[in-house]
Every structure is written in structure tokens, then in C-alpha cells.
Amino acid sequence: MHEYDIAIIGGGPIGMFAAFYANLRSADVLLLESRSELGGQPVALYPQKTIYDIPGFFGVSGTELTARLAKQLGRFSSDIRLNTKVIALTPDETGVTLSTDRGDFRARSVIVATGAGAFEPRPLTAKHPVELEGTQIIYTPGDLNDFANQNVLVAGGGDSAIDWALALEPIAASVGIIHRREAFRGLESSVTALQNSAVTIHTPYLIQEVRANDNGMAVELRPLHGAAPATLHADKLLVNYGFASDNRQLRDWGLDLTRGQINVASDYKTSLPNVYAIGDAVTYPDKQKLIATGFGEAPAAINAIMRRLHPEIRQTLHSADLNL
Ligand SMILES: Cc1cc2nc3c(=O)[nH]c(=O)nc-3n(C[C@H](O)[C@H](O)[C@H](O)COP(=O)(O)OP(=O)(O)OC[C@H]3O[C@@H](n4cnc5c(N)ncnc54)[C@H](O)[C@@H]3O)c2cc1C
């Protein structure tokens, strides 16, 4: 089995920057991310919110920050595995074996950058044929062209649901959005764009049941007040109820924790041999769960690892010293 120098678990902003920085130090890096896209919380939870406290940016959205980090990481041809969830860590004297839902990997060191934990889309709780999930009932849309000339319903009232409805409007045959409240929770400019678009707004409605029929699906809506029950036709239902995250995995990995967060030393080493941790997943006195803080932790952990792997290199290099 190939042995990487450093395997980074979690492709949120901190894991992405850590992978870039490790490449800068010429480490052989593996980045493992359980979701289908990199970016972590900024892209999954607040893609349109403006982040004001990233150095060098007057303001940047979660989506734009992720795109910039991906471009920076793309300077190097890193081994990035999406849709790959780490299940277990087995450290030994020379490295760590990582068990994932896509097989085992081996690295001399591991950096845990799992942040708030593995995200799962919040499921549709209304009665529906489970066999339609992935084909007609969709949680994470891939190629927008799959929706061309389809009648699409989007369920949800946040930024992400609004963004998808607006993105699909010029592609799909029709787009409707179903939300349980009259008011949407999105960015004001997005809500205005939605109201001025050809997207049909169905509020305040809950999805009661989804049934398969010869034409696609019948989506039964229950009004929360006022309006009469309704049944809509759809070829595809895009469920966008946000994400739930789960950090219980850290306990299973045998890490020393305080209130569910990983205890680290000043060089970001954990209680397990050859395992380091950075970003929102860790705790130490006065830890701040901020992107800028995690960006600082990444070089500290990687330089500590590189000092251990290559004791002959003593000083920290500056990126300007490297021939990029
Ligand atoms: C609404 C909101 C607003 C915020 N606003 C700001 C702000 O303005 N400024 C700021 O600095 N911070 C802000 N934050 C905090 C910021 O988003 C976090 O500090 C940051 O995302 C932490 O990055 P991370 O990479 O450590 O973790 P995350 O962003 O949580 O990324 C962790 C990644 O690890 C993956 N992962 C988890 N478990 C596994 C596994 N077992 N195998 C493989 N992959 C796994 C996850 O899928 C995820 O992609 C905000 C947070 C929220 C919720």
C-alpha cells in the first residue's frame, strides 16, 4: 500500500489550506473528504454570507472563499478523494492506517481537520418512495443539465434552496419552491431575485407525501394556515433542508477529548501517536472557532510533522524561498 507523508481528514477551509501548505513543504499529501465537494461549513452552511474576518479580503462569500482555496490548492496535483469518509484510525510506531468507506489508506502522519463533523443532508421526513432517492428525489445536485426540460420542485427556505431554484430557472421546464414559512431565510438580494423570477413560490406549505406516478411524482402539500391543500406535479424534487453534522466519530477513533473536541498540544499533536488535529475540531485554552485561527494552526502542525519526518531540515521555510 502506498504510504503518504501526510493524510488530512476533512476538506473544509482548514483542511484545504493544510493540504496546500503541506504541498508547499513538498510532502506527499492525501486529502480525504466525506462530502461530494470541498469547502466544509462555509460552502455547506453559509454559501452566500459575507465573511469579513479573513485577512486580505474586504469581504468574501463562503462560495468565493472555497473557490479561492481550491485554486490555491490546484497549484499542485494533490491526491484528493471526495465522497470518502474516514471510519477508523489505527496508529502504530511508524504511521497510521486509515479505514474509510472506500478502502484503507496509509500515511506516516495524519491531520484531523474534521471541523463540525461529517455533514449529512437533512432527509425528507414526509412519506415517499425511498427508491426514488438519488434519481428523482435529490439531496445534492450534481450536473445542472440533468434538470434540463424537467419540472423541478425545490423544498426549503434557506440560501441554498433559493440559489438552486434561481440556478435551475433558465434550465428546467418549470421550477417551484416549497417553504413552510411565508418569509424566506435567504440573503435579501437573493429573496428579491426569487420574487422577481419565474419560480413559483408555494408558501406556507409542508410536504405531506410524495407518490410516484406515470408522469413522474405527485407532491402533496399540507398548508400550515390559510391556503387549501394542493398537489403538484414534479419530475424531480430537490430537497434542501440543510445539513446535520455529527462529531461522535472522534470518540470512536480513541482521541482524548474535552466536550467532544480534540485536546491538542502546542504543536497540534493529539493523544494518538502520529496524529495531529487542527481547525474547529480541536480545543485548547482560549481556542477561537474561526477560519483565520485554523489557517494559523495548519502551518504549525505541518512544520511540526516535517521536523519529525525530516529532522535534518531545521528552519521553517518561507514560501518566497521556494521556486513555484
Ligand atoms: C453560520 C456560520 C457562520 C460563520 N461565520 C464565520 C465567519 O464569519 N468567520 C469565521 O472565521 N468563521 C465563521 N464560521 C466558523 C467557520 O465556518 C469554521 O471555523 C470553519 O468552517 C472551520 O473549518 P474546518 O475546516 O475546521 O471545519 P469544517 O468547515 O467543519 O470542515 C470539516 C470538513 O471535514 C469533513 N469531514 C468530517 N468528518 C469526516 C470524515 N470522517 N471523513 C472525511 N471527511 C470528514 C466535513 O465533511 C467537512 O467538509 C461560521 C460558522 C457558521 C456555522
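The values are calculated or read from the model by the stated rules, or taken from the named source; none is laboratory data. Since we're looking at a predicted model, the values are computed, not measured. Here the Cβ is made from the backbone with ideal geometry for all residues, glycine too, and neighbour counts use every protein chain on show. We work out accessible area using only protein heavy atoms, side chains counted, and drop any ligands, DNA or RNA first. Shrake-Rupley method; radii C 1.70, N 1.55, O 1.52, S 1.80 Å.
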Helix-only CD estimate at 222 nm, as mean residue ellipticity for the chain, using -39500 (n - 2.57) per DSSP H run (n ≥ 4): -6500 deg cm²/dmol
Projected label distance in nm at ASP101 and ARG75, using a 7 Å step from Cα toward the beta-carbon: 3.3
Theoretical gain in end-to-end length, ASN213 to ALA167 [0.36 nm per residue, Cα-Cα removed]: 13.9 nm
Angle in degrees between helix 62-73 and the longest Cα principal axis of the chain, rounded to the nearest 10: 40
Straight-distance crosslink candidates among lysines, where the alpha carbon sits under 24 Å from LYS127 and sequence neighbours closer than 8 are dropped: LYS236
Solvent-accessible area of VAL130 with every protein chain in place, 1.4 Å probe, in Å² to the nearest 10: 100
Point-charge dipole on Cβ atoms (K/R +1, D/E -1) for region 123-241, about Cα centre, debye to 20: 400
Förster-model FRET efficiency, 41 Å R0, GLU93 and ARG68, C-beta, rounded to 0.05: 0.60
Sulfur and carbon atoms: percent of accessible area, the chain [1.4 Å]: 49
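Determine the gain in length on full extension of the stretch HIS233-SER189; use 0.36 nm per residue of separation and subtract their C-alpha separation, reporting nm with one decimal.
Values: separation 44, 0.36 × 44 = 15.84 nm, distance 2.86 nm.
The HIS233-SER189 span can extend by a further 13.0 nm.
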Stretchable slack from ALA198 to GLN288, in nm (0.36 nm times residue separation minus alpha-carbon distance): 28.1 nm
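Please list TRP164, TRP253 from largest to smallest accessible area, probe radius 1.4 Å, with all protein chains kept in place. Don't skip to the end; give the middle numbers.
Values: TRP164 65, TRP253 10 Å².
Largest to smallest exposure gives the sequence TRP164, TRP253.
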Angle between the chain longest axis and helix 291-309 axis [Cα atoms, degrees, rounded to 10]: 40
Packing-based order for 224-234, 267-277, 174-184, 240-250, using average beta carbon neighbours within 10 Å, highest first: 267-277, 174-184, 240-250, 224-234
Rg/Rg_globular for region 123-241, with Rg_globular taken as 2.2 N^0.38 Å and Rg from C-alpha atoms: 0.97
Max mean-square fluctuation residue, GNM over the chain, Cα-Cα springs under 10 Å, options ILE80, ILE291, ILE313: ILE313
Probe 1.4 Å - accessible area at VAL29, Å² to nearest ten: 10
Cα-only Debye scattering, the chain: base-10 log of I(q)/I(0) at q = 0.09, 0.12, 0.13 Å⁻¹: -0.55, -0.87, -0.97
The chain: angle of helix 159-168 to the longest principal axis, Cα-based, in degrees nearest 10: 60
DSSP-loop trypsin sites (Lys or Arg not before Pro) across region 92-160, with at most 16 other Cβ within 10 angstrom: ARG102
Length-normalised contact order of region 123-241 in % [C-alpha pairs under 8 Å, at least 6 apart]: 33
